[in-house]
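Okay, structure first, notes after.
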Amino acid sequence: MRIFDVLSKAKNDKKLLEAELLLAYILGKGKEWVIAHSDDDVSVDDMKKFHDLWIRLAAGEPLAYIVGCKEFYGLNFLVDNRVLIPRPETEFLVEEVLRLSRLDRFASKKSVQVVDVGTGCGAVACSLAKSSDVLAVCAVDVSQDACDVALKNASNLGCKIDVICGDLLGPVKDRSFDIIVANLPYIGIEKFDFVADDVAKYEPDVALYGGSDGLRLYERMFAQILEYGMAPRYILGEFGFLQAEALRELVIRFFPNSNLEIKQDLSGLDRNFIITSL
Ligand SMILES: C[S@@+](CC[C@H](N)C(=O)[O-])C[C@H]1O[C@@H](n2cnc3c(N)ncnc32)[C@H](O)[C@@H]1O
């Protein structure tokens with residue numbers, strides 16, 4: 001069978017991209033190579049491997065876990081079932097932190113201190129460190145597994161970030177940060193409990209669930225900021241599309257002297273918040 005035949009069949013099933021990426025993984029080549037060599041034969045051994053992986057994919061296992069990597073902000077991150085697969089919409093947080101770090105208010109600083117809370121595979125922290133020499137980036141996660149993956153990614157990508165295991169801002173309570181960025185778990189257990197079956201089945205619970213209404217980790221992080229006397233200029237985060245009002249109430253309660261902006265994702269859904277201290 002030729003690469004072309006494998007891809008044509010996948011195209012009929014509306015899974016062309018998945019087939020290209022699986023073949024690239026099996027053949028140890030890039031996706032572009034696979035597309036450019038569509039007349040090459042696929043060996044029987046490789047066809048068998050393809051078939052086995054295709055069955056896993058059809059059963060709902062995420063492609064990123066099968067091939068062990070996911071692209072985020074133009075960088076290739078190792079991922080496995082110990083960490084959430086970084087989502088494209090989270091790139092917004094990277095863009096925004098970079099934009100804010102270039103503002104005049106930081107111009108006199110030698111470095112802008114940033115902490116990424118709930119770093120997972122290190123996608124946000126590494127993307128920031130790779131994109132700016134001005135940022136000093138620290139990454140925290142409660143999961144030692146996630147910290148191991150983040151450290152591996154930082155080393156592979158040549159990023160200088162501190163990776164620290166612990167609960168929210170607890171392990172860095174004596175440090176001061178200009179910007180706190182977080183993509184904490186925000187699926188609710190009782191309310192706002194929307195989660196796709198394959199996400200619930202394959203991705204780690206610690207990366208998904210944020211208490212009764214999904215916002216309990218953000219609530220605890222805001223409480224820590226006050227308790228530790230931290231004074232970040234900006235706090236940025238991602239949340240679920242129906243949680244904007246509940247989040248606004250939290251922000252008013254914890255940071256009455258701040259400005260809250262809610263930003264929409266590409267589908268027009270409320271997705272991110274930026275809290276600016278006044
Ligand atoms: C939604 S995932 C986000 C991962 C990564 N930042 C990303 O955007 O792809 C949330 C992460 O928060 C971590 N987490 C959950 N509870 C935490 C806590 N109490 N303190 C620190 N990290 C926590 C999880 O282990 C998980 O890696």
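The values are calculated or read from the model by the stated rules, or taken from the named source; none is laboratory data. Given the structure is predicted, the values throughout are model-derived calculations rather than measurements. As a convention, Cβ positions derive from the backbone with ideal geometry for all residues, glycine included, and neighbour counts pool all protein chains shown.
Summary of computed values
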quantity: In region 109-145, the residues that are farther than 23 Å from D174 by Cα and either away from the ligand (no atom under 14 Å from the Cβ) or hydrophobic (A, V, I, L, M, F, W, C) (or both); calculated: C121, A123, K130, S131, S132, D133
quantity: Members of region 189-215 found to be among the small types (G, A, S) and buried (at least 16 other Cβ atoms within 10 Å of the Cβ), listed by number; calculated: A207, G210, G211, G214
quantity: Region 77-87, subset touching a residue at least 40 places away in the same chain (Cβ under 8 Å) and either in a strand (DSSP E or B) or not charged (D, E, K, R) (or both), residue surrounded by the most Cβ atoms within 10 Å (Cβ to Cβ); calculated: V83
quantity: Sole exception among (1) farther than 19 Å from A64 by Cβ; (2) in contact with a Phe, Trp or Tyr (Cβ under 6 Å, 6 or more places away or on another chain); (3) part of a loop (DSSP other than H, G, I, E, B) for D167, by number; calculated: (2)
quantity: Condition met for S155 (surrounded by fewer than 18 Cβ atoms within 10 Å (Cβ to Cβ), part of a loop (DSSP other than H, G, I, E, B) and out of contact with any Lys or Arg (no Cβ under 7 Å at 6 or more places or on another chain)); calculated: no
quantity: Failed item, numbered, when L168 is tested on (1) within 9 Å of the ligand (Cβ to nearest atom); (2) on the phi < 0 side of the Ramachandran plot; calculated: (2)
quantity: Failed condition for V6, given (1) of a type in the set (A, V, I, L, M); (2) modelled with pLDDT of 95 or more; (3) more than 26 Å from S127 (Cα to Cα); calculated: (2)
quantity: Given (1) touching a residue at least 40 places away in the same chain (Cβ under 8 Å); (2) crowded, with 19+ Cβ neighbours inside 10 Å, index of the condition R175 fails; calculated: (2)
quantity: Selection within region 194-223 - in contact with a Lys or Arg (Cβ under 7 Å, 6 or more places away or on another chain) and over 24 Å from P62 (Cβ atoms); calculated: S212, D213
quantity: Pairs with Cβ under 6 Å, 6+ apart, first in region 143-155 and small (G, A, S), second surrounded by fewer than 22 Cβ atoms within 10 Å (Cβ to Cβ); calculated: S143/V206
quantity: Lone qualifier among E95, E71 - being in a helix (DSSP H, G or I), within 16 Å of the ligand (Cβ to nearest atom) and surrounded by fewer than 16 Cβ atoms within 10 Å (Cβ to Cβ); calculated: E95
quantity: Qualifying positions in region 247-278 - under 17 Å from G214 (Cβ atoms) and in contact (Cβ under 8 Å) with a residue 40 or more places away in the chain; calculated: D265, R271, N272
quantity: Cβ pairs under 9 Å, 6+ apart, first in region 205-217 and closer than 16 Å to L242 by Cβ and among the basic types (K, R), second at pLDDT 95 or above and within 11 Å of the ligand (Cβ to nearest atom); calculated: R216/G210
quantity: Residues that are farther than 28 Å from E190 by Cα, in a strand (DSSP E or B) and either at pLDDT below 95 or touching a helix residue (DSSP H, G or I) at 6+ places or on another chain (Cβ under 8 Å) (or both), drawn from region 225-276; calculated: Y234, S258
quantity: Number of positions in region 16-55 that are surrounded by 13 or more Cβ atoms within 10 Å (Cβ to Cβ), hydroxyl-bearing (S, T, Y) and outside any helix (DSSP H, G or I); calculated: 1
quantity: Residue among E190, E227 that is more than 29 Å from T276 (Cβ to Cβ) and away from the ligand (no atom under 12 Å from the Cβ); calculated: E190
